[in-house]
Every structure is written in structure tokens, then in C-alpha cells.
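I have placed the structure first, in the form of C-alpha cells, so that the comments after it can refer back to it.
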Amino acid sequence: MQAIQCIRDWGQSLWYDNLRRDLLGSGELARWIAGGISGVTANPTILEQAIVETHDYDSAIRTWARRMPSAETLYETLVWEDIRQVADLLQPVYSQTEGHDGFVSLEVPPSLAYDTAGTVREAHRLFAALDRPNIMIKVPATPEGIVALERLVADGINVNVTLIFSVGVYHHVIDAYEAGLIARHARGLPLDRVASVASFFVSRVDAAVDPWIRDGGFDSSWLGKVGIANAKNAYQLFDSRFHGQRFAPLLGAGAQVQRPLWASTKPKNHGYPGTMYVQSLIGAETVNTLSPSTLEALPSINVWHRTIDQNLEESRQILEDVADAGLSLEVVGQGLLEAGLSTFTHSFDRLLATLQQRLSQRSNAHGEGSHV
């Protein structure tokens, strides 16, 4: 808990990248929130693991299965109940920070990743159905998702733009957020309670780039550093855009900055220290999402300090060097975006297939019982 508070003192929020029913029933999540965790995120893979690979939901599935017309409806019944409970646990944080923190995120179905109109409709439906002001709707950073971001912000819906891997894409995300606020302001609508984060992924970049470095015989000092350098570069863009003259009128009208959120901060390379992506990216007006193992590892570090703008020259040099060696982080980022969407699609499909199987089993059991 002390480590969490030390990081918070530097202006960074810590969100828990995990959601399952046992966290609520056991009081574990409430304890983390009392200790300084100020948000929760989930994605289709986390939800699949929670529902399919644990017994946390068995009782609820048995209760609801008899009344559910489809696997999709059963999924929404289970997950929405959890999301609302988490939102209620975080409500005091949301109130105390005047709508700047205390959010829980839920993703639109990954099948909508390249469908702007479908994403906008689904985000509106989710936000209305969940009926909590501290809900954030996760939208992937595809070109279609970025257009949806602009429309949703204009409509006053909180958005977590996810699966950002490159600064080039991040430019477009910032543009869309700003355009949405401008459109909303032009309609005479308030800006102060519209929140957004830009989820910039870190460890997945190194997981993709490290083999290229090793196999190409490049400088081994680059290993494990490209993802951090990429994120620090993104923070420099954030700082210049949101604290420059262009955004100043929106700030004056009450708008929030769109905070960078460091995602995928559990190292994929098990040889790396478990907290390296936390220690290296501490800075004001940022969020770091922590996996269970990363959160548990925080107390092992005694000293925490601002690092987001340390060693910037080294970071710039690494990015220049890998580019000169023929690596395009924009190309890498596009591949990682597509891979991430594929993983989430597989997880979501597997989750629905499992729930459909449970529905069929209950239906068959009920049918057999009626003939006894």
C-alpha cells in the first residue's frame, strides 16, 4: 500500500487490470481501492479467464441460465452486474476527484473494431445500460474506432482508447479527442465530466522487437528499452499537445486532458524485473494498469520517483537507432493492433461458446426432467 501511495504522490493513478467476481465477494478489490487503486480495467481475455477458467460464476450461471434466451444475454447479465458493482466501489474516488479518476472500463465487442457506426451505437447502449457516470467504454484505436472516439466524446461518453502501439496512431487519437470536445463545446454542452484515456501498450512492443534485435545481431543494449522509449516519446507528445496553446481554450472551458495510460506493463520476457515498466514510466497525469502479479510485486521496491522524462536523450537515440536499422514502429504497431484484436476476438468467441454450451446443458437437463 505504501508503494501505491508513493506512486500516486507523483501524480500517477494506478488501475487494476483484472476483474472477476471473487474479487468483489471476498472484499479484495475493496481493500485495494482503500489502499489507493483508483480504477479497474477489463478486456475480453480477462473476462474469458474469469468466467470460463474459474468457478466464480457457476452459481450465477445456474441461476440465470433458465431465463436467458442467448449466450450474449447471459454474458451481459454476468458482466454488467460486476461492472456496476465495481463502479459503485469506485464512486467515492470519482466524486473526490471531481470526475477525473475512479473509472471502470468495459470493451465494445471486438467484432466492431472496424465498424464506426456499430461502435458508436454499442457504446451508447453500454453506457446507458450500465447507468453509472464512472463507466469508460473501451474502443480500439483502429481508424474506425478513432472516428467513433470523436463522436462519443462529443456525446459526453467516457472513452478508453485501447491498443495504441505507435506515436503516429496516438497523434490521430489526440486529434479525435480534441475534435470531439470542440464539437461538444460548440453545442453548449459541459466538458468537465467527459473523461478519456489513451491506452499505450508497452511490453508487447518489446516482445515484438527484442527477437528482431537478437536475430539481426543489433546492439543488445536496445533489448527491453524500445517499449519504454516509445512510451516516453508518447508522453512528450501528450505534454506538448495538452499543455500547449492549442488546447488551452478547452482547458479554460473545463475540459480534462486525455491521460496516457500505460497498458501491458507486465513484462512478457520473464527475465525482466516484474516492475520495470512501472518504475520507468512514473509521471504526472498518467495512469498505469497493473496485472495481479505486478501489483503484488510493488512492495519489493523501496524508492519511487518521477521517471517519465528521465534519460530522454537516450530514449530518442534508441528510437533513432532502431529506425536507422530498418525497424518501423508504425509497422510493428499495426501488426500488434491486429494481433491484439485477433486475441480478443478469439477470447470473446470462446467465452460466448462456453456460455452457449452451459445454456444447452441446462435446457437439455430441464427437458429430460420434464419427462420423468
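Residues considered: Gly333, Gly326. Of these, the only one that is open to solvent by less than 80 Å² (accessible area, probe 1.4 Å) and on the phi > 0 side of the Ramachandran plot is Gly326.
If only residues of segment 260-302 that are part of a strand (DSSP E or B) and hydroxyl-bearing (Ser, Thr, Tyr) are counted, the one that is surrounded by the most Cβ atoms within 10 Å (Cβ to Cβ) is Thr289.
Checked against (1) open to solvent by 30 Å² or more (accessible area, probe 1.4 Å); (2) under 17 Å from the mean Cα position of the chain (by Cα); (3) under 27 Å from Leu78 (Cα atoms), Val139 meets all criteria but (1). Taken as a whole, the condition of being without any contact (Cβ under 8 Å) to a residue 60 or more places away in the chain, open to solvent by 20 Å² or more (accessible area, probe 1.4 Å), at positive phi and not small (Gly, Ala, Ser) applies to Asp131. Inside segment 143-171, residues that are touching a helix residue (DSSP H, G or I) at 6+ places or on another chain (Cβ under 7 Å), open to solvent by less than 10 Å² (accessible area, probe 1.4 Å) and within 23 Å of Val205 (Cβ to Cβ) make up a count of 9. If you go through segment 102-120 and keep only what is open to solvent by 10 Å² or more (accessible area, probe 1.4 Å) and either farther than 22 Å from Leu181 by Cβ or touching a Leu at 6+ places or on another chain (Cβ under 9 Å) (or both), you end up with Glu107, Pro109, Pro110, Ser111, Leu112, Tyr114, Asp115, Val120.
Is it fair to say Asp206 is open to solvent by 40 Å² or more (accessible area, probe 1.4 Å), of a type outside the set (S, T, N, Q) and farther than 22 Å from Trp80 by Cβ? No. When Leu29 is tested against (1) surrounded by fewer than 22 Cβ atoms within 10 Å (Cβ to Cβ); (2) in contact (Cβ under 8 Å) with a residue 60 or more places away in the chain, only condition (1) is not met.
Ala229: within 17 Å of the chain's Cα centre (by Cα) and among the hydrophobic types (A, V, I, L, M, F, W, C), yes or no? For Ala229, the condition - within 17 Å of the chain's Cα centre (by Cα) and among the hydrophobic types (A, V, I, L, M, F, W, C) - is not met.
Strands (runs of 3 or more DSSP E) fully within segment 118-221 that include at least 2 residues being at pLDDT 95 or above, within 17 Å of Leu341 (Cβ to Cβ) and not hydrophobic (A, V, I, L, M, F, W, C): 135-140, 159-164. Taking residues in segment 276-288 that are closer than 12 Å to Trp304 by Cα, and partners anywhere that are part of a helix (DSSP H, G or I) and not hydrophobic (A, V, I, L, M, F, W, C), the pairs with Cβ atoms closer than 7 Å and at least 6 places apart or on different chains are Val278/Thr294; Gly283/Tyr235. Of all the criteria given as (1) in a helix (DSSP H, G or I); (2) more than 24 Å from Leu337 (Cβ to Cβ), the one not satisfied by Gly244 is (1).
The condition of being within 17 Å of the chain's Cα centre (by Cα) and under 24 Å from Trp262 (Cα atoms) holds for only one of Thr97, Thr45, that being Thr45.
Of all residues being over 17 Å from Leu23 (Cα atoms) and without any contact (Cβ under 8 Å) to a residue 24 or more places away in the chain in segment 49-75, which is surrounded by the most Cβ atoms within 10 Å (Cβ to Cβ)? Just the residue, please. Across segment 49-75, the extreme among qualifying residues is Trp64.
Taking the listed residues Gly326, Gly333, the one that is assigned to a loop (DSSP other than H, G, I, E, B) and either modelled with pLDDT of 95 or more or in contact with a His (Cβ under 8 Å, 6 or more places away or on another chain) (or both) is Gly326, with no other qualifying.
The values are calculated or read from the model by the stated rules, or taken from the named source; none is laboratory data. Treat the numbers as computed from the prediction; the structure is a model and nothing was measured. Cβ sites come from the backbone with ideal geometry, for glycine too, and all protein chains shown count toward neighbours. Accessible surface is based on the protein model in full, side chains and every heavy atom, while ligands, DNA and RNA are left aside. Shrake-Rupley method; radii C 1.70, N 1.55, O 1.52, S 1.80 Å.
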